[in-house]
Amino acid sequence: MRRAVIIDLFVVVLLSLVLSVIFNTVDFTLGEPGTEDFVQYWAAWQLLQEGLNPYDAGLMNAIQQTVGQKAEVTTMMWNPPWTVLLMSPILWLPFSKAAMAFSLGAILLVCLIAVLTPVALGKTRPNLLVSAVVTICFYPILECLQWGQLSIIMTAAAVLFLFFERRRMFFSAGIALLPLTFKSHLFFLFVIPAAIWLWQLSRDARRSFLCGVIGGFSILVGITALLWPQALVWWIAAITTPPAYSGAVPLTEWQTATISTLVRISVSSVTGATPEWPMWVVPIVSFILTIMFFYRYRGPINWSVVAPTLLCLSLTTGSYGWLYDHSLLVICQITLVCNAISYSRRVATFSMLILIGLLQIAALVVGTQAGHAQHHFVWLPWAMLLLLILNGAVLRRQKQACA
């Protein structure tokens with residue numbers, strides 16, 4: 001065990017040195033991998049520093065053009081303003097260096113996810129090479145690195161929550177959840193089991209967790225309001241009002257990797273008009289079904305079991321969610337691999353690993369053929385959920401055989 005820890009530390013130090021050399025010798029320009037979506041956060045920070053509205057499409061376009069953005073394209077930031085506050089240590093850098101730092105930081109977080117997720121789930125960790133391949137070769141992770149998006153940060157935050165919760169470090173677990181507020185709509189199905197979990201905690205544990213999550217969030221929002229008094233008002237206005245600028249696409253026109261988008265496209269192909277009601281009906285129905293399930297469920301909330309399943313459902317039944325947001329599903333993939341290597345029968349292990357590999361190949365093929373058509377990936381969370389169900393059946397059968 002100690003030898004494995006030493007090897008992990010050596011690899012992390014070596015990787016950090018390599019990445020630091022890259023950071024000091026390479027510059028990124030807009031259009032290269034890791035820059036196209038990152039430009040929205042960098043531009044938003046520059047505007048806020050000048051007291052200007054980062055949710056104004058015209059202002060965003062003007063700032064982005066200074067680093068090479070096309071005049072007819074505007075990459076909007078829809079995230080809350082405290083997003084850039086937490087990212088501020090790198091956003092004050094020139095764009096090329098900031099984009100490089102963000103990409104290299106994302107790679108380090110992928111390493112953290114690979115090493116820490118099995119521990120956070122209470123699983124036996126595969127060797128370092130297997131952990132790295134299972135994580136970095138997950139297609140949505142590659143998509144997230146390509147676009148320069150936030151989902152790897154949120155995945156690392158979710159893993160840290162699971163890690164701290166397992167060790168009953170509830171204050172730290174609450175703090176770890178703060179980056180999930182960047183895109184809180186992705187986790188709407190977690191509300192009911194989270195409430196049940198809180199109720200099941202001891203009074204001291206509940207107080208510690210709530211101090212972490214509510215206290216940390218209050219401080220974060222308070223600092224945001226203190227630095228940029230109008231930022232919260234601007235953000236609320238932005239998510240309720242379509243942007244009045246060419247190149248900026250409103251939320252209601254997004255076509256993402258969700259069931260609601262699939263329904264909207266299907267209805268549009270028949271009627272010629274794209275309805276908005278699926279963006280609300282699908283999440284409401286799935287939320288009601290979640291309530292019904294947990295109303296009948298009487299057992300304790302075990303996040304190592306509940307979280308992977310709910311991620312599959314929440315990511316695909318929300319109002320919107322992009323393929324790179326499916327980076328969170330790497331937690332499910334690591335769960336499957338860790339369980340597979342613990343199977344008593346080698347043929348079961350090989351069969352599960354082959355299925356996981358086929359899933360990656362299928363995602364790669366669809367990505368090659370579909371391009372930016374995100375709704376073609378709506379099947380990915382459901383395929384992952386099917387493997388989780390199959391995995392659970394194998395584990396139950398294994399326990400029965402040992403009994």
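Those helices (runs of 4 or more DSSP H) of the range 115-204 in which 3 or more residues are open to solvent by 20 Å² or more (accessible area, probe 1.4 Å) and without any contact (Cβ under 8 Å) to a residue 24 or more places away in the chain occupy 128-136, 191-200.
Considering only residues that are of a type in the set (S, T, N, Q) and open to solvent by 20 Å² or more (accessible area, probe 1.4 Å), which ones fall in the range 325-348?
Taking the range 325-348 and keeping what is of a type in the set (S, T, N, Q), we get 327, 333, 335, 339, 342, 344.
Scanning the range 325-348 gives Ser342, Ser344.
Among the residues that make up the range 320-330, is at least one of them under 21 Å from the mean Cα position of the chain (by Cα), modelled with pLDDT under 95 and of a type in the set (A, V, I, L, M)? Yes - at least one qualifying residue is present in the range 320-330. Scan the range 56-79 for residues that are outside any helix (DSSP H, G or I) and in contact with a strand residue (DSSP E or B) (Cβ under 8 Å, 6 or more places away or on another chain) and jot them down. Result: Val67, Gly68, Gln69.
Annotation note: of Thr83, Thr66, the sole residue that is over 20 Å from Ile152 (Cα atoms), at pLDDT 90 or above and not small (Gly, Ala, Ser) is Thr66. Taken together, Trp254, Trp277 contain a single residue that is out of contact with any strand residue (DSSP E or B) (no Cβ under 8 Å at 6 or more places or on another chain), surrounded by 15 or more Cβ atoms within 10 Å (Cβ to Cβ) and at pLDDT below 95, which is Trp254. Among the residues making up the range 152-184, a single one is hydroxyl-bearing (Ser, Thr, Tyr) and closer than 30 Å to Tyr343 by Cβ: Thr155. Being closer than 30 Å to Asn53 by Cβ and among the acidic types (Asp, Glu) holds for only one residue in Glu165, Glu143, and it is Glu143. Residues that are open to solvent by 20 Å² or more (accessible area, probe 1.4 Å), under 15 Å from Gln333 (Cβ atoms) and among the aliphatic types (A, V, I, L, M) within the range 363-384 comprise Leu364, Ala383, listed in sequence order.
Checked against the criterion of being assigned to a helix (DSSP H, G or I) and either open to solvent by 30 Å² or more (accessible area, probe 1.4 Å) or under 12 Å from Pro81 (Cα atoms) (or both), the range 243-250 has no qualifying residue. Being over 21 Å from the mean Cα position of the chain (by Cα), closer than 20 Å to Phe190 by Cβ and modelled with pLDDT of 90 or more is true of Ile389.
The values are calculated or read from the model by the stated rules, or taken from the named source; none is laboratory data. Since we're looking at a predicted model, the values are computed, not measured. Reconstructed Cβ throughout: ideal geometry from the backbone, glycine too, with neighbour counts over all protein chains shown. The accessibility values were calculated without ligands, DNA or RNA, using every heavy atom of the protein model including side chains. Shrake-Rupley method; radii C 1.70, N 1.55, O 1.52, S 1.80 Å.
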